[in-house]
Amino acid sequence: DSGVTQTPKHLITATGQRVTLRCSPRSGDLSVYWYQQSLDQGLQFLIQYYNGEERAKGNILERFSAQQFPDLHSELNLSSLELGDSALYFCASSVGQASGYTFGSGTRLTVV
Amino acid sequence: ILNVEQSPQSLHVQEGDSTNFTCSFPSSNFYALHWYRWETAKSPEALFVMTLNGDEKKKGRISATLNTKEGYSYLYIKGSQPEDSATYLCGSAGAGGTSYGKLTFGQGTILTVHP
C-alpha cells in the first residue's frame, strides 16, 4: 500500500455518461496530481492541486474537471464520456515539486 | 528538445550485465528531474529526484546523474538482476511559466533482464 488510495479500481460505463474518480493522498502530502495513461501512450499530465487550489493544468479536456477538498482528497470528474476516454487514470501525491511522487494503484475506466 | 525523450525504448540484457538509459529534457526553465521504476500491474515508484546540475544519486545498484546545462540524465544499473525488469520512466518539471507544476514524463525504457 503506497498510502495513496484511489477508488474505484475498475469502472465500466457507457458513452455519454459521467463518472467521478476519487483519490486520497498520502498523509501529509498537500499536492495531488492526476495522470491519464491511454493505450500505447505514456503518462499524460492532466491537472495538479495544491492545498485545495489548482496549481497547474495539462492537456485536460473541457469535459473533464477536478477539485481538491479541504480534507485534501481529490475528485476527477469525467463527463460526456467517449470511447477514447478509456484509460488508466492515476492519482499521485507529493510534499512538493522537488519530492518524488507517490502513485495510487489507478482507476481503469472502460467506456463501452 | 521540447519534450522528454528516453532511449532506448527497450533493452534486453543478461543477468549480471550493467546497463544504462538516457533521458533528454528541455534545459531551459528546468526545476527537477525524476526517475521512476514501473513494474507490470503495479504503480510507478520513485527512485530519484534531482535538481542541481552535476547531481548524482545512488540507491543500491542503481544510480543516476544529471546535466541540466545540456538537458540529459543517465540511469545506471550495475549487475542487473531479473527483478530489475521493469519500465524506467523519467519526468522533467519546469520552474515557471506554463511548465510550472507539470511533471512531464517520457515514454519510458522497458528493461528485460534474462536469467
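For this structure, a couple of remarks:
- Ordering of A:8-15, A:86-93, B:103-110, A:75-82 by burial proxy (mean other Cβ atoms within 10 Å per residue, highest first): A:86-93, B:103-110, A:75-82, A:8-15
- Highest-fluctuation residue, A:D40, A:D29, A:D85 considered, GNM on chain A with Cα pairs under 10 Å: A:D40
- Calculated FRET efficiency for the pair A:T20/A:A98, C-beta based, R₀ 22 Å, to 0.05: 0.10
- Residue with peak Gaussian network fluctuation, chain A [Cα springs, cutoff 10 Å], from A:Q67, A:Q37, A:Q97: A:Q97
- Those trypsin sites (Lys or Arg not before Pro) in segment B:31-81 that DSSP places in a loop and that have at most 13 other beta carbons within 10 Å: B:K42, B:R61, B:K69
- At q = 0.13, 0.17 Å⁻¹, base-10 log of I(q)/I(0) for the protein assembly as shown (Debye sum, equal scatterers on each alpha carbon): -0.76, -1.22
Each reported figure results from applying straightforward, stated rules to the coordinates on display, with no laboratory input. All figures in this text were calculated on a predicted structure; none of them were measured in a lab. Virtual Cβ from ideal backbone geometry, glycine too; neighbours counted across all protein chains shown.
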